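Encoded as structure tokens, the structure appears first; notes follow it.
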Amino acid sequence: MGIRVAVVGSGPAGSSAAEVLAKAGIETYLFERKLDNAKPCGGAIPLCMVSEFDIPPEIVDRRVRNMKMISPSNREVDIRIVKEDEYIGMCRREVLDGFLRDRAEKLGANLINGTVHKLEIPTSDTAPYVIHYADHSDGSLTGENKTLKVDVVIGADGANSRVAKAIEAGDYNYAIAFQERIRLPEDKMVYYNDLAEMYVGDDVSPDFYAWVFPKYDHVAVGTGTMRVNQAKIKKLQAGIRARAARRLEGGEIIKVEAHPIPEHPRPRRVRGRVALVGDAAGTVTKSSGEGIYFAAKSARMCAETIVETTNAGQKLPTEADLNLYLKRWDKQYGMTYLVLDLLQRVFYRSDATREAFVEMCDDKDVQKLTFDSYLYKTVVPANPLVQMKITAKTIGSLLRGNALAP
């Protein structure tokens, strides 16, 4: 008898894990509460995700090759992707998530439209975990109460993860992302054809940035902050609406959405035969707040580790086996997270430091380094001369912005 694995949550993380497990012939159950869920999210995916996760062209609504960075004093810096075949993909989450979930199901994952209410932890190392859930396949909101016994659980159920609570994984601070989807008149939409905008300034976010990202037939206008309270987020959203007012004229709000975003990893991401991935684990990066690729990648690495350590589902994994996924993850991406954390601390401290940051982005070498690290998810070591120039430029910009004062 092979092992049974439950994956709770079918966003990019859950579906990517289920796909790997199902492909290996492991009995996999993929739980999703809302099959048409549209998570509020910038929806930008890097180029490496398109290739690594075989995302077909029709899933990507727009290929953004121009980015405008706008400083607190409204200084605009244009960053262009020079190579023809490079771009940042803009997706609608309901389309991307639906595609990844369908693919996992086609490969053999058992999709359950259900809300997981409780995870019963076994008292021995070999006994099964019991999942208590409401099955919504009858179309009702309350659903029918059912249980399922499994050997391994992957928690891919986002920032408010029930699985994380069940294994007492500990809390983390989180930011809040607030976004309005705005349908623009055609002449205004042309401007955003392959262009995304990032605004920085205390008026739009005290510790992050605000954005205007083009979607299929509208733009997503939003902001993020760690200082979470409703009045504050409304004020910041009014700030980005005011800064981008000229470009959004005549627009009509078609949807308003908000969502918590983890600020750092949870204290425990593996316990027993349960592993957390994606937002449930806290894989969002600082500075860029980017999470889709890292969520999918963490889940894929977790599932690959399960396939490998269980000999494709032939034996139970141990906590040490699952911890191997975390060791690999931290080894591969630890430095990326450190660098982005440092950038956020240095550059998002005040309007003076933000001016310095935008000024720095006017440099072609800085732009190339930034885009390479975003598109390919590596903190690219540039050649030493370029690195020296960037370091000197960074220090110069920060000194001019009085940003190095404590």
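Take 89-96, 254-261, 362-369 and order them by the average number of nearby Cβ atoms within 10 Å per residue, most first; the result is 89-96, 362-369, 254-261. Once the Cα-Cα distance is subtracted from the 0.36 nm per residue extended length, the ASP187 to ALA242 segment shows a gain of 17.8 nm.
Computed on the chain, with alpha-carbon pairs under 8 angstrom and 6+ residues apart, the relative contact order is 20 percent. In this structure, the residue pairs whose Cα-Cα separation is over 27 Å, taken from LYS106/LYS331; LYS165/LYS255; LYS83/LYS106; LYS34/LYS149; LYS165/LYS297, are LYS106/LYS331; LYS165/LYS255; LYS83/LYS106. The listed peptides 168-181, 318-331, 121-134, 150-163, ordered by packing as a protection proxy, come out as 150-163, 168-181, 318-331, 121-134 (highest mean of other Cβ atoms within 10 Å first).
Averaged over residues, the count of other Cβ atoms within 10 Å places the peptides 17-29, 345-357 in the sequence 17-29, 345-357, highest first.
Just so you know, all these numbers are worked out from the coordinates, no wet-lab data involved. The structure displayed is predicted, hence computed values, not measured ones. So basically every Cβ, Gly included, is an ideal-geometry build from the backbone, and we count neighbours across all protein chains shown.
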